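The values are calculated or read from the model by the stated rules, or taken from the named source; none is laboratory data. Computed from a predicted model, the values in this text were never measured in an experiment. Reconstructed Cβ throughout: ideal geometry from the backbone, glycine too, with neighbour counts over all protein chains shown.
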Amino acid sequence: QKEVEQNSGPLSVPEGAIASLNCTYSDRVSQSFFWYRQYSGKSPELIMSIYSNGDKEDGRFTAQLNKASQYVSLLIRDSQPSDSATYLCAVRGRGNYQLIWGAGTKLIIKP
Amino acid sequence: EAGVVQSPRYKIIEKKQPVAFWCNPISGHNTLYWYLQNLGQGPELLIRYENEEAVDDSQLPKDRFSAERLKGVDSTLKIQPAELGDSAVYLCASSSNRGSGPNEQFFGPGTRLTVL
């Protein structure tokens, strides 16, 4: 069974520090990887997508993909209290539009 | 560009009653998804439409759930009769799956259903 695993947290990070969120997946043919942010009571919001090994940067966010080790990470630099949310990892296999979702990691940024 | 629109935002019903949710995807998005999300969990796919065709409905409880997307644009998800365990957030998402693009999914605000 295809799975996506995330530590449920909560992960507590001081304001201004780097928050590191990790996600592992079981399906080796997975090709597309997505990070969504979900505030309490709101719907998931896409913040990053990555398809190739290596790093992808967008502002304070960096997604890191390692297909050999089957993990994808999200780094948030200069963490702000507004980054406090649940971060969901989603993975899609080759030729398949269905996303396999992790349960999310709750991130708390402490002022 | 307008995002995915859903209504209602909240619905409270008694068990055994019917309920319907409506979704209008982002303009030009041919793929529409209905998800269910319980607290502390990731979204679970109920059904996926490519234009007006339901191409993945294996997770839809067909004894009580039904969905339609008659003209390939907006969609309705119905539950009849509702059960206590159906209380959840129902999310609609859309993506543009033409060509070899990223096929990123964008979500509407969701409908929070409470069954009493």
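In the set (1) crowded, with 19+ Cβ neighbours inside 10 Å; (2) among the hydrophobic types (A, V, I, L, M, F, W, C); (3) not in a strand (DSSP E or B), B:Ile26 fails one condition alone, (1). Count of the range A:86-111 residues, restricted to those that are free of Cβ contacts under 8 Å to residues at least 12 places away in the same chain and surrounded by fewer than 15 Cβ atoms within 10 Å (Cβ to Cβ), is 1. Meeting the requirement of 1 or more residues that are closer than 30 Å to B:Cys23 by Cβ and within 14 Å of another protein chain (Cβ to nearest Cβ), the strands (runs of 3 or more DSSP E) wholly within the range A:1-86 are A:19-25, A:30-38, A:45-50, A:54-58, A:61-66.
Let's see how each residue does on (1) facing chain A (nearest Cβ under 10 Å); (2) part of a helix (DSSP H, G or I); (3) at pLDDT 95 or above:
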residue	(1), (2), (3)
B:Lys71	no, no, no
B:Leu77	no, no, yes
B:Pro81	no, no, yes
B:Gly85	no, yes, yes
B:Cys92	yes, no, yes
B:Asn97	yes, no, no
B:Ser100	no, no, no
B:Asn103	yes, no, no
B:Thr114	no, no, yes
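Only one entry of A:Asp55, A:Asp83, A:Asp27, A:Asp78 meets the criterion of being crowded, with 17+ Cβ neighbours inside 10 Å, among the charged types (D, E, K, R) and over 27 Å from B:Val55 (Cα atoms), and that entry is A:Asp83. With respect to B:Gly3, determine if the residue is touching a residue at least 12 places away in the same chain (Cβ under 8 Å) and more than 12 Å from chain A (Cβ to nearest Cβ). Criteria not met by B:Gly3.
Does B:Glu50 meet the test of being within 11 Å of chain A (Cβ to nearest Cβ) and more than 10 Å from the chain's Cα centre (by Cα)? So B:Glu50 fits the description; yes. For the range B:28-46, a residue qualifies if it is under 12 Å from the mean Cα position of the chain (by Cα) and either within 11 Å of chain A (Cβ to nearest Cβ) or closer than 15 Å to B:Val73 by Cα (or both), and the qualifying residues are B:Thr31, B:Leu32, B:Tyr33, B:Trp34, B:Tyr35, B:Gln37, B:Pro43, B:Glu44, B:Leu45.
When the residues of the range B:49-81 are filtered to those that are under 15 Å from B:Pro18 (Cβ atoms) and among the hydroxyl-bearing types (Ser, Thr, Tyr), the one that is surrounded by the most Cβ atoms within 10 Å (Cβ to Cβ) is B:Ser66.
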